[in-house]
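Engineer: This structure is in structure tokens; I'll ask about it shortly.
The values are calculated or read from the model by the stated rules, or taken from the named source; none is laboratory data. Since the structure is predicted, the reported quantities are computational estimates derived from the model, not experimental observations. Quick reminder, even Gly has a Cβ in these numbers, built from the backbone with ideal geometry, and neighbours come from all protein chains shown.
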Amino acid sequence: MDRTEGTAVRRRDVLGGLAAGTALATALDANAARVAAADTRKRYVSVGVGSRNRMYQEALWGPHKAHGELVAICDTNPGRMAYVGIRAAKAGAPAPKPYLASDFDKMLREQKPDAVIVTPPDAFHNEYIIRALDAGVDVITEKPMTTTAAKAQQILDAVKRSGRHIRVTFNYRYSPFRSQVKELLMSGVIGDVLSVDFHWLLNTVHGADYFRRWHSNKAISGGLMVHKATHHFDLVNWWLSDMPVSVNATGKREFYTPEMARRFGLEGPHQRCHTCPEKNKCTFFFDMAADPALKALYLDAEKYDGYFRDQCVWRPEISIEDTMNVIVGYAGGTTLSYSLNAFNAWEGYHVAFNGTKGRLEHSVVEQGGVAGASNERDEDRIKTRIIPMRGEAQDLKPDTGAGSHGGGDAVMLADIFDPGAPNDPLMRAADERGGAASCLIGIAADKCFETGQPVRIDSLVTGLDWPALPKMPGHKEAVPMPMRTAKLTGG
Ligand SMILES: NC(=O)c1ccc[n+]([C@@H]2O[C@H](COP(=O)([O-])OP(=O)(O)OC[C@H]3O[C@@H](n4cnc5c(N)ncnc54)[C@H](O)[C@@H]3O)[C@@H](O)[C@H]2O)c1
């Protein structure tokens, strides 16, 4: 939707640029009565109110309280819902009405929300997304949109059936320094991008945490290829304004294993950190009780669902990989070489775009550990460099912002909730097409791990349309552009 349209129209467009045609007309009719009334704020409900949902709560209790209200919440765990009520009182906001997960449809009927914010563990996104769409309600969902090809297909079908829309909150796109990379690529300074080298490192602080939580169960998270790399695959899809067509990958778990525990001199694995007999010896010990927020969210809520957030990272039943290498072929001919390792000495990434006129290199240290980069100064942590094919290399001052995810979360929340948010030439608002294009790369990679065979994206789902993405220098026409001549092999 054109953001230059009148405020009255934009106020009703909760998806900030995604609604169009008849779907928009329907949304306008459905909301006409409320807009005519005094309170024109959007009504939001949330499902899955754990750690991540706090960001949406705080946005609607703070900077965006004039734009929307969190009227109800839904979760399997009453303890975590009670904690939302305590936090609301501290924020001076009305407590959202709690509903158990089994009453999700009842919540939609009673609360008549404009949109559902979907933040339970990844494998459960699809059921709430589809039930909301079929009830005529728009969806704002956390990444990854979903964890299997069958679920992605069901979501794509539900969007077409319902005429409603999904916003997938790819906050990484909004970090100012990653938006700067997009602007540089769009400027044509390095010409057409023929290949991308992208290497993401997770460390043994934040990275190890994936092996303690529900994320360590592939049936719930899709593994790190889906849960974590969906951010990175989405960045490449969006940076290139292109769509993946083929995936080849290998993956293994070699670090977070019982054997490695013994190499660290431990007798474990044990069940969890809280009761671990080797807690004084294990450098991976994680103390939930020491952090009031973690204690309230998880330790005190265990009695309701038996979920331990501090499971031993050396457990044999962990079903996700810690070492992954992926090659992706794009419709436009670009190839991506990507790796993800989850046991590194520092956390962050290097990405390089190899173009017909030069190379763009960009790297970020997210958690320190390398000499000279463990302080907080952005110019030490974030590097962006253009190396023309002929001529001097140029180091650019990184664009930065304050707050979580490099300032990206605040920009994204304004784009979601503020009806006056400016038109976005970088088209960072992703819908179900972008959500699918990203998670399907990870789903394909998981399939490669099992079969050893390349996977074509169009073998996983049907009817996946091109997302709306900015035109790039190499695009002869508006996206989708004609295929370049490079022959894609594999898959
Ligand atoms: N964009 C980002 O940077 C980012 C960061 C963190 C998490 N996330 C995403 O947010 C989502 C939630 O992650 P989290 O870290 O908050 O996890 P969490 O474990 O802290 O919270 C999940 C919540 O969902 C509830 N839940 C579990 N099963 C449920 C079900 N079947 N129905 C309803 N509720 C259920 C749990 O009780 C819990 O309250 C995930 O999809 C994750 O990928 C995104």
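Engineer: What's the total number of residues in segment 149-174 that are assigned to a loop (DSSP other than H, G, I, E, B) and either at pLDDT below 95 or more than 14 Å from the ligand (Cβ to nearest atom) (or both)?
Structural biologist: Residues of segment 149-174 that are assigned to a loop (DSSP other than H, G, I, E, B), as a first pass: 163-165, 169-170.
Subsequent filtering for residues that are either at pLDDT below 95 or more than 14 Å from the ligand (Cβ to nearest atom) (or both) retains 163-165.
Total meeting the criteria: 3.
To keep it simple, each residue is scored yes or no on (1) of a type in the set (Ser, Thr, Tyr); (2) surrounded by 17 or more Cβ atoms within 10 Å (Cβ to Cβ); (3) farther than 27 Å from ARG213 by Cα; (4) away from the ligand (no atom under 14 Å from the Cβ).
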| position | (1), (2), (3), (4) |
| --- | --- |
| ASN77 | no, yes, no, no |
| PRO98 | no, yes, no, no |
| ILE117 | no, yes, no, no |
| ASP122 | no, yes, no, no |
| VAL139 | no, yes, no, no |
| ARG178 | no, yes, yes, no |
| LEU185 | no, yes, yes, yes |
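Engineer: Right, here's the next one. Residues that are buried (at least 19 other Cβ atoms within 10 Å of the Cβ) and either outside the structural domain of TRP346 (by TED's automatic domain parsing) or of a type outside the set (Phe, Trp, Tyr) (or both): list the helices (runs of 4 or more DSSP H) wholly contained in segment 206-276 that include at least 2 such residues.
Structural biologist: Working: elements: 218-221, 223-227, 229-240, 258-263.
In segment 206-276, the matching helices (runs of 4 or more DSSP H) lie at 218-221, 223-227, 229-240.
Engineer: Please go through segment 404-430 and give me each residue that is surrounded by fewer than 21 Cβ atoms within 10 Å (Cβ to Cβ), within 17 Å of the chain's Cα centre (by Cα) and in a loop (DSSP other than H, G, I, E, B), ordered by number.
Structural biologist: Hits for segment 404-430 are SER404, MET427.
Engineer: Scan segment 293-334 for residues that are out of contact with any Gly (no Cβ under 6 Å at 6 or more places or on another chain) and closer than 25 Å to TRP238 by Cβ and jot them down.
Structural biologist: Those that are out of contact with any Gly (no Cβ under 6 Å at 6 or more places or on another chain) and closer than 25 Å to TRP238 by Cβ: ASN325, VAL326, ILE327, VAL328, GLY329, TYR330, ALA331, GLY332, GLY333, THR334.
Engineer: Let me ask you something else. Would you confirm whether or not segment 403-413 contains a residue that is more than 16 Å from the ligand (Cβ to nearest atom) and assigned by TED's automatic domain parsing to the domain that holds ARG178? Before you say what the answer is, go through the steps one by one.
Structural biologist: Just the residues of segment 403-413 that are more than 16 Å from the ligand (Cβ to nearest atom), to begin with: none.
Looking through segment 403-413, none of the residues is more than 16 Å from the ligand (Cβ to nearest atom) and assigned by TED's automatic domain parsing to the domain that holds ARG178.
Engineer: Still on this structure: Answer with yes or no whether PRO113 is outside any helix (DSSP H, G or I), outside the structural domain of TRP214 (by TED's automatic domain parsing), surrounded by 23 or more Cβ atoms within 10 Å (Cβ to Cβ) and under 20 Å from the mean Cα position of the chain (by Cα).
Structural biologist: Numbers: outside any helix (DSSP H, G or I): yes; outside the structural domain of TRP214 (by TED's automatic domain parsing): yes; surrounded by 23 or more Cβ atoms within 10 Å (Cβ to Cβ): yes; under 20 Å from the mean Cα position of the chain (by Cα): no.
When the stated conditions are applied, PRO113 does not pass them.
Engineer: Hey, TYR307 hits all of (1) part of a helix (DSSP H, G or I); (2) surrounded by fewer than 18 Cβ atoms within 10 Å (Cβ to Cβ); (3) within 16 Å of the ligand (Cβ to nearest atom) but one; which does it fall short on?
Structural biologist: Against the list (1) part of a helix (DSSP H, G or I); (2) surrounded by fewer than 18 Cβ atoms within 10 Å (Cβ to Cβ); (3) within 16 Å of the ligand (Cβ to nearest atom), TYR307 comes up short only on (1).
Engineer: Turning to a different aspect of this structure: Please work out if VAL313 is part of a loop (DSSP other than H, G, I, E, B), in contact (Cβ under 8 Å) with a residue 24 or more places away in the chain and of a type in the set (Val, Ile, Thr). If you could, list the steps in order and put the result at the bottom.
Structural biologist: Values: part of a loop (DSSP other than H, G, I, E, B): yes; in contact (Cβ under 8 Å) with a residue 24 or more places away in the chain: yes; of a type in the set (Val, Ile, Thr): yes.
Yes: the conditions hold for VAL313.
Engineer: Moving on to the next point. Of all residues in segment 255-306, how many are touching an Asp or Glu at 6+ places or on another chain (Cβ under 6 Å) and either under 17 Å from ALA342 (Cβ atoms) or free of Cβ contacts under 8 Å to residues at least 24 places away in the same chain (or both)?
Structural biologist: 4
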